[in-house]
1. Right, residue 76: under 20 Å from residue 45 (Cα atoms) and part of a helix (DSSP H, G or I) or not?
2. Among the residues of the range 77-94, which ones are of a type in the set (D, E, K, R) and open to solvent by less than 80 Å² (accessible area, probe 1.4 Å)?
3. Name the pairs: first residue in the range 25-39 and closer than 18 Å to residue 110 by Cβ and assigned to a loop (DSSP other than H, G, I, E, B), second residue among the hydrophobic types (A, V, I, L, M, F, W, C) and open to solvent by 20 Å² or more (accessible area, probe 1.4 Å), Cβ to Cβ under 6 Å, at least 6 apart or on different chains?
4. Go over the candidates 125, 143, 71 one by one and state the one that is at pLDDT 95 or above and not aromatic (Phe, Trp, Tyr).
5. Please go through the range 131-161 and pick out each residue that is among the β-branched types (Val, Ile, Thr), within 23 Å of residue 9 (Cα to Cα) and open to solvent by 10 Å² or more (accessible area, probe 1.4 Å).
6. Select from the range 1-40 the residues that are β-branched (Val, Ile, Thr) and in contact with a helix residue (DSSP H, G or I) (Cβ under 6 Å, 6 or more places away or on another chain) and write down the one among them that is modelled with the lowest pLDDT.
Amino acid sequence: MSEIAMDRQAVYADYERARQTFHDLLDSAAPTDLARPTRGTRWTNEQLLWHMLFGYMVARVLLVLGGVFGRLPRGVGKAFARALNAATVPFDRVNYLGPCGAVKVFGPRRTGATFDRVIDSLHRRLAAQSNADLARGMHYPVRWDPFFQDFMTLADIYRYPTQHFDFHRRQLTLNGEVS
């Protein structure tokens with residue numbers, strides 16, 4: 001297996017930028033801002049913020065899967081990705097409904113604290129990964145997310161949630177902004 005040299009400091013900096021942005025958005029949002037519809041989604045701002053957090057939560061699961069499937073023959077991972085692609089419709093439904101329910105359980109304060117715990121967890125995991133570990137990867141269901149590639153290494157997965165975050169950040173309509 002080859003190794004991947006990854007700029008870990010850049011990933012840490014992106015996580016910290018996202019953390020600060022997330023807290024700034026939550027801290028400055030009035031309840032009416034959180035309840036406002038977003039641009040280009042069926043979610044409210046609060047639901048989309050939860051979905052942005054969920055991208056980081058999903059990355060932790062993807063890192064485990066990538067580590068496991070990265071040790072198996074590639075055909076196994078390809079078959080798994082094909083099966084997941086076949087389940088895109090139910091995935092999309094769960095992906096939509098999850099944030100709708102989560103905001104009823106987690107308020108903005110708990111959502112911010114959860115974001116911090118997830119980012120801290122990703123920091124620790126990345127610090128513990130060897131370059132050889134970062135080169136492991138698997139095939140992913142490309143129909144599930146525009147940022148999924150057919151084959152992604154663990155290094156790619158560490159970068160994924162911030163790409164997802166930045167994309168959805170532009171869909172928020174907090175504080176009357178039209179960014």
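1. On the way: under 20 Å from residue 45 (Cα atoms): no; part of a helix (DSSP H, G or I): yes.
In short, no.
2. Keep residues of the range 77-94 that are of a type in the set (D, E, K, R), which gives 78, 82, 92-93.
Once the filter is applied, which keeps residues that are of a type in the set (D, E, K, R) and open to solvent by less than 80 Å² (accessible area, probe 1.4 Å), the range 77-94 yields only 92.
3. Correct list of pairs: empty, since none qualify.
4. Working: 143 fails: at pLDDT 95 or above; 71 fails: at pLDDT 95 or above.
Exactly one residue qualifies, and that residue is 125.
5. Filtering the range 131-161 down to residues among the β-branched types (Val, Ile, Thr) leaves 142, 153, 157.
After this cut, where a residue has to be within 23 Å of residue 9 (Cα to Cα) as well, the list is 153, 157.
Within the range 131-161, 153 is the sole residue that qualifies.
6. So the first thing to find is which residues in the range 1-40 are β-branched (Val, Ile, Thr), and the list is 4, 11, 21, 32, 38.
With in contact with a helix residue (DSSP H, G or I) (Cβ under 6 Å, 6 or more places away or on another chain) added as a condition, the list becomes 4, 11, 38.
Working: 4: 74, 11: 98, 38: 97.
For the range 1-40, the residue satisfying everything is 4.
The values are calculated or read from the model by the stated rules, or taken from the named source; none is laboratory data. For clarity, every value in this text was computed on a predicted model and none was experimentally measured. Quick reminder, even Gly has a Cβ in these numbers, built from the backbone with ideal geometry, and neighbours come from all protein chains shown. Surface areas here come from the heavy atoms of the whole protein model, side chains and all, with no ligands, DNA or RNA. Shrake-Rupley method; radii C 1.70, N 1.55, O 1.52, S 1.80 Å.
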